Amino acid sequence: MRMKSVLWGWVLALLWVSAAQAEVLVQPDFDAKKFSGLWYVVSMVSDCKVFLGKKDHLLMSTSTVKAVAEGNLSVHMEFPRADGCNQVDAEYLKVGSEGHFRVPALGYLDVRIVDTDYSSFAVVYIYKELEGALSTMVQLYSRTQEASPQAVKAFRDFYPTVGLPDDMMVMLPESDVCSSGGKEAP
């Protein structure tokens, strides 16, 4: 009987998570070609325990995005680290509507481009699994290393709607560790 209760609890939890994710909308009429190009990740907020343990030491990273077949995105990411520049290439696979992806290689179960004007900022929602734990992350992308006040406002207005408080947010300082400026995504 106890096992049935535990199993039922897990089923309810998964249904609740699915319902919560369903409320996160994507950018209307998302255009992958307009979204392509170099983006700086200037701010992040997350309830991920790994992120929270490292957030005060993180630096601004870059993502170079390229629209590819079937609405997918090819993304080249560069993360400055104490021991150099970590580079990762990933395929963002379209699921459902335009602007909605999953990235199995990174454990990203649900990625949504929530808001973007394409020319200066984007707010990106990520629901992921890391080290067996599920977490929510929201990133602020900017075409320049300094986000506009409107971009920061859109970011700050959105992340509380997915249950993330201000004390889990960090504005990322610039770094020249990854000096390629974001190479072309493959």
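The values are calculated or read from the model by the stated rules, or taken from the named source; none is laboratory data. Please read all numbers here as calculations on a predicted model, not as lab measurements. Positions of Cβ are backbone-derived with ideal geometry, glycine not excepted, and every protein chain shown enters the neighbour counts.
Residues checked against (1) among the β-branched types (V, I, T); (2) in contact (Cβ under 8 Å) with a residue 60 or more places away in the chain; (3) more than 24 Å from K54 (Cα to Cα); (4) buried (at least 19 other Cβ atoms within 10 Å of the Cβ):
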position	(1), (2), (3), (4)
P80	no, yes, no, yes
D89	no, yes, no, no
G99	no, yes, yes, yes
Y108	no, no, no, yes
D117	no, no, yes, no
S120	no, no, yes, no
V124	yes, no, no, yes
Y127	no, yes, no, yes
V152	yes, yes, no, no
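Please find, within the stretch 39-58, the residue that is surrounded by the most Cβ atoms within 10 Å (Cβ to Cβ) out of those that are under 15 Å from the mean Cα position of the chain (by Cα) and more than 20 Å from E131 (Cα to Cα).
Checked the stretch 39-58; the qualifying residue surrounded by the most Cβ atoms within 10 Å (Cβ to Cβ) is W39.
With the condition being at pLDDT below 90 and within 21 Å of T161 (Cα to Cα), I'd like the helices (runs of 4 or more DSSP H) fully within the stretch 1-116 carrying at least 1 qualifying residues.
The qualifying helices (runs of 4 or more DSSP H) are 2-22.
Just give me the residues in the stretch 115-161 being over 10 Å from the mean Cα position of the chain (by Cα) and of a type in the set (V, I, T), in sequence order.
T116, T144, V152, T161 - these are the residues of the stretch 115-161 that are over 10 Å from the mean Cα position of the chain (by Cα) and of a type in the set (V, I, T).
What number goes with the only condition from (1) of a type outside the set (F, W, Y); (2) modelled with pLDDT under 95; (3) not in a loop (DSSP other than H, G, I, E, B) that A154 does not pass?
Looking at each condition in turn, A154 falls short on (2).
Does D166 count as acidic (D, E) and buried (at least 19 other Cβ atoms within 10 Å of the Cβ)?
no
Exactly one of these conditions fails for L172: (1) in contact (Cβ under 8 Å) with a residue 24 or more places away in the chain; (2) surrounded by fewer than 19 Cβ atoms within 10 Å (Cβ to Cβ). Give me its number.
Among (1) in contact (Cβ under 8 Å) with a residue 24 or more places away in the chain; (2) surrounded by fewer than 19 Cβ atoms within 10 Å (Cβ to Cβ), the lone unmet condition for L172 is (2).
Among (1) under 24 Å from D31 (Cβ atoms); (2) out of contact with any Leu (no Cβ under 7 Å at 6 or more places or on another chain), where does A147 come up short?
Against the list (1) under 24 Å from D31 (Cβ atoms); (2) out of contact with any Leu (no Cβ under 7 Å at 6 or more places or on another chain), A147 comes up short only on (2).
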